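Have a look at the structure below before the remarks.
The values are calculated or read from the model by the stated rules, or taken from the named source; none is laboratory data. In this text the structure is predicted, and so the values were computed from the model without any measurement. Here the Cβ is made from the backbone with ideal geometry for all residues, glycine too, and neighbour counts use every protein chain on show.
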Amino acid sequence: MGRDARIKSLRRQARQQQDHVEEQLGLALSDALLELREEVHEFVVASGLKVVQAMLERDRVRLCGPKHARQPGREVMRAGTVPGEVVLGGRRVAVQRPRVRRVAGGEVRLPTYEWARREDPLGKRAVEQMVVGVATRKYARSLEPLPEEFEARGTSRSAVSRRFVARTQAELDAWLEQPLGEVDLVALLLDGIEFGEHTLVVAMGIDSTGQKHPLAIREGSTENATLCRELLRSLVGRGLAADRSLLVVIDGGKGLHSAVRQVFGEWALIQRCQVHKMRNVLDQLPESRRPFVRAAIRRAYAMDDADKAEKTLQRLATSLDEAYPSAAASLREGLKETLTIVDLGLGPTLRRSLSTTNAIESMFATVRIVTGRVTRWRGGRMVQRWGLAGIREAEKKFRRLMGKADMPRLVTALRERDRERAGKRAAAAA
């Protein structure tokens, strides 16, 4: 072995020995940290409670002055301590609360205590735990342990359930009243999701930048016209413009279609979901015919001329008439409205995004995960609360619509349509 080879071998052995030492040291440190984890957590919790106690005493000093200090003409005085509770780590923890009373009579509230005992953090923690799949009976186990000397409550199954209901109901009420006048919505997606015997109709808006906005939900037994009409009218009442062109994407349900026409009239450009349409047609065909028909429909939907695409699909329907009349009828039903998006001059990416209800279906996937542990639906209110919890979770992962750079084209096309309609009305009036 040459001199250079021996040097390389020695260096390699040295590196291997160093790596081994570092690995053993790292394992030793990891074991030590694991052993200390519980002690460190107890120290943090205990320190946090000591900070709260110090803040409570600071409030009392600010109101009453230093202990034993003379204060002629004082209006408040120290009054010892009483048992109290503060919120810490998703539970209520017992503390000794300093008291302050007025000389003339009456308790004085300490700002720190009022802040530390608020229910809001508990409600938020309960919702968060249940959304990620923690059952109410396992809520206490999901929290970091407290040192033994601290007494805690508020982690029982019933307490967690009450907080979840109260928090989600308050969020639902506030959400359904949010004004929409300042959101520049140019598209509206409508679809329904089922929970047992209940159907939740959901509205999602798309603004001029491609941002998604869940807008409202309404619960019923089906996607009937009355339910959908009430949902849409509530949106108009909150500020959604009903007197200018709006692209409305629906799954093809008759109830939704009827409601859109009743509320928005001709201002609505209805785009039927192309995925739903294709699925409905293919369901009427045997497996052997589906690949050919699927490819033919996709080619037609990819065309840039709506008239040409419609003629192509009509020819396809004619070819199916004899052998598969149900599939042909399904293809013809609402055919023109599956091509609304073609005439707006959009790029291919944005056109694909707005030709289906996929954006809202993607949100439904998260809603189904969040609600998957619920085994019994006790009423429409429960469905709405859990539906909103799932929607809020989905919002955390929202991205703007694919093809968002083309949104100005959509806005231009809609406003040009408004001007054309205004001109026609003026000519008719003259």
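Under 34 Å from the mean Cα position of the chain (by Cα), over 27 Å from Val202 (Cα atoms), surrounded by 13 or more Cβ atoms within 10 Å (Cβ to Cβ) and in the same structural domain as Gly253 (by TED's automatic domain parsing): is that true of Gly345 in this structure? The answer is yes for Gly345. Taken over the stretch 177-212, the criterion of being assigned to a strand (DSSP E or B) and charged (D, E, K, R) is satisfied by Asp191, Glu194, Asp207, Lys212. Applying the set (1) at pLDDT 75 or above; (2) surrounded by 15 or more Cβ atoms within 10 Å (Cβ to Cβ); (3) at positive phi to Met55 leaves exactly one unmet item: (3).
Against the test of being in contact (Cβ under 8 Å) with a residue 12 or more places away in the chain, crowded, with 18+ Cβ neighbours inside 10 Å and either touching a strand residue (DSSP E or B) at 6+ places or on another chain (Cβ under 9 Å) or under 24 Å from Val374 (Cα atoms) (or both), the options Val263, Val165, Val281, Val201 yield a single qualifying residue, Val201. For the stretch 175-195, state whether one or more residues are free of Cβ contacts under 8 Å to residues at least 24 places away in the same chain, of a type in the set (A, V, I, L, M, F, W, C) and over 22 Å from Ile369 (Cα atoms). Checked against the condition, which is being free of Cβ contacts under 8 Å to residues at least 24 places away in the same chain, of a type in the set (A, V, I, L, M, F, W, C) and over 22 Å from Ile369 (Cα atoms), the stretch 175-195 yields no hits at all. When Val275, Val293 are checked against the criterion of being assigned to a helix (DSSP H, G or I), over 17 Å from Asp191 (Cβ atoms) and β-branched (Val, Ile, Thr), a single residue qualifies: Val293. What residue, of Leu240, Leu215, Leu231, is within 25 Å of Leu388 (Cα to Cα) and in a helix (DSSP H, G or I)? Criteria check complete, one pass: Leu231. When residues in the stretch 292-319 are screened for being among the small types (Gly, Ala, Ser), within 14 Å of Val275 (Cα to Cα) and over 35 Å from the mean Cα position of the chain (by Cα), 1 of them pass.
One line per residue, one yes/no per condition, for (1) more than 21 Å from the chain's Cα centre (by Cα); (2) of a type in the set (Val, Ile, Thr):
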position	(1), (2)
Ile206	no, yes
Ala216	no, no
Ala225	yes, no
Ser234	no, no
Gly237	yes, no
Leu240	no, no
Arg244	yes, no
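Checked against the criterion of being farther than 24 Å from His276 by Cβ and either among the polar types (S, T, N, Q) or assigned by TED's automatic domain parsing to the domain that holds Arg272 (or both), the stretch 321-328 contains one or more residues that satisfy it. Of all residues in the stretch 363-375, those that are farther than 21 Å from Ala203 by Cβ have Cβ atoms under 7 Å from Cβ atoms of residues that are part of a helix (DSSP H, G or I), 6 or more apart or on another chain, in Val374/Trp386.
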